[in-house]
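Single-structure report; data block below.
The values are calculated or read from the model by the stated rules, or taken from the named source; none is laboratory data. These figures come from a predicted structure and were not determined experimentally. Counting neighbours? That spans all protein chains shown, and the Cβs are built from the backbone with ideal geometry, glycine included.
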Amino acid sequence: VRADAEWAREVRRLAEERDAVILAHNYQLPEIQDVAHHTGDSLALSRIAADSDAGTIVFCGVHFMAETAKILGPDKTVLIPDERAGCSLADSITGEQLRAWKAEHPGAVVVSYVNTTAEVKAETDICCTSSNAVDVVRSIPAEQEVLFCPDQFLGAHVKRETGRENLHIWAGECHVHAGINGPELAERAAADPEADLFIHPECGCATSALYLAGEGTVAEERVKILSTGDMLTAARDTGAKSVLVATEVGMLHQLRQAAPEIDFRAVNDRASCKYMKMITPAALLRCLSEGADEVHVSTGVADRARASVQRMISIGK
Ligand code: 13P
Ligand code: SF4
């Protein structure tokens, strides 16, 4: 299947026929981002899914994102073009592991990143995304213990920003972001002393960037730790001529569209998420013509997970 104008017309025609809205995450292939009705970060897409009055949501992203849309809209049909599109970070904690961790810390408030399964969300008090994790943790009374899962790098970022000692962090990671490492970032930053650094908080190199700023190698104001959606806002506002981007490479497409005059370069151009890239033009077309793969979340799990997801979409609005 070629992602040409005819393909795009057919995708939009089938979507209309199904009363479907197509949502695409910022890490999707450029042609999928371009054909979608809305492109955005995890938080923005969850909010759009919750507010949409379309009968069907076609989620071009990974499985937990489509599950989140289903939890928020149990009466809607939620489709994902390939249900095998998983997430190594979501796989780093199970419901059973979270239950055991909670038993070790009775009374603690559980904050889970949206990159988790519905079963984990059902054991969670408040979900968050990278764009509101700090606000979510700040909303919890200071004396309460917090369990933060599953991403250790986002957890470290939240701990730094809030200065909170009673925040316990699960040791999970995303294999794509963990692979964007400090030495590589330091080398790129040294080669381009004028560039801004846009760093996703899931990256293993976020701490190194702050270290580089601390020792004066990089000016402190150039280091920006941002969610994918916040990178777009920052791109429109920065005066920099070039920006080094530490996140999944799909992000470059939106950034270049938002600010064509800036030279955006990946810190690691091999940082591609194979799960995100399972949503191919052929898979999207098949999804719309066959109404598959449909995403189901059992009613009991969805009912227990809903409150934590609703808190997530209302905080930091
Ligand atoms: P955001 O779009 O919320 O920054 O999420 C990044 C991510 O890794 C999603 O899988
Ligand atoms: Fe999961 Fe990482 Fe892929 Fe995002 S980039 S979907 S966190 S594996």
Fill in the blank from the handout: Of the listed residues (Ala133, Ala171), the one being more than 23 Å from His25 (Cβ to Cβ), modelled with pLDDT of 95 or more and within 16 Å of ligand 2 (Cβ to nearest atom) is Ala171
Handout entry: Matching residues, the range 258-279, being away from ligand 2 (no atom under 14 Å from the Cβ), surrounded by fewer than 18 Cβ atoms within 10 Å (Cβ to Cβ) and within 25 Å of Asn115 (Cβ to Cβ)
Key = Ala258, Asp269
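Restricting to the range 224-237, name every residue that is within 23 Å of Leu210 (Cβ to Cβ) and in contact with a helix residue (DSSP H, G or I) (Cβ under 9 Å, 6 or more places away or on another chain).
Lys224, Ile225, Leu226, Ser227, Thr228, Gly229, Met231, Leu232, Thr233, Ala235
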Handout entry: Filtered residue count, the range 21-38, keeping only those that are assigned to a strand (DSSP E or B) and either within 15 Å of ligand 2 (Cβ to nearest atom) or surrounded by fewer than 24 Cβ atoms within 10 Å (Cβ to Cβ) (or both)
Key = 5
Completion exercise
Checked against (1) farther than 27 Å from Gly73 by Cβ; (2) modelled with pLDDT of 95 or more, Glu294 satisfies every condition except (1)
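Within the bounds of the range 54-68, is there any residue that is over 19 Å from the mean Cα position of the chain (by Cα) and part of a loop (DSSP other than H, G, I, E, B)?
Yes; the residues of the range 54-68 include at least one that is over 19 Å from the mean Cα position of the chain (by Cα) and part of a loop (DSSP other than H, G, I, E, B).
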Problem - Meets criteria (small (Gly, Ala, Ser) and over 17 Å from Ile225 (Cβ atoms)) for Ala103 - result: yes
Exercise for the section: Residue by residue through the range 265-303, note down the ones that are free of Cβ contacts under 8 Å to residues at least 24 places away in the same chain and within 16 Å of ligand 1 (Cβ to nearest atom). Expected result: Ala266, Lys274
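For the range 156-168, enumerate the residues that are under 18 Å from Leu98 (Cα atoms) and either within 16 Å of ligand 2 (Cβ to nearest atom) or in contact (Cβ under 8 Å) with a residue 40 or more places away in the chain (or both). Let's see the steps before the verdict.
From the range 156-168, those under 18 Å from Leu98 (Cα atoms) are 166-168; that's our starting set.
The one that is under 18 Å from Leu98 (Cα atoms) and either within 16 Å of ligand 2 (Cβ to nearest atom) or in contact (Cβ under 8 Å) with a residue 40 or more places away in the chain (or both): His168.
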Problem - Verdict on Ile225 being within 16 Å of ligand 1 (Cβ to nearest atom) and either of a type in the set (S, T, N, Q) or in contact with a His (Cβ under 9 Å, 6 or more places away or on another chain) (or both) - result: yes
Completion exercise
Scanning the range 128-155 residue by residue, the ones that are in contact (Cβ under 8 Å) with a residue 40 or more places away in the chain and more than 16 Å from ligand 1 (Cβ to nearest atom) total 3
Practice task
Collect the residues in the range 197-217 that are crowded, with 24+ Cβ neighbours inside 10 Å and either away from ligand 2 (no atom under 16 Å from the Cβ) or assigned by TED's automatic domain parsing to the domain that holds Ser42 (or both), keeping them in residue-number order.
Solution key: Leu197, Ala209
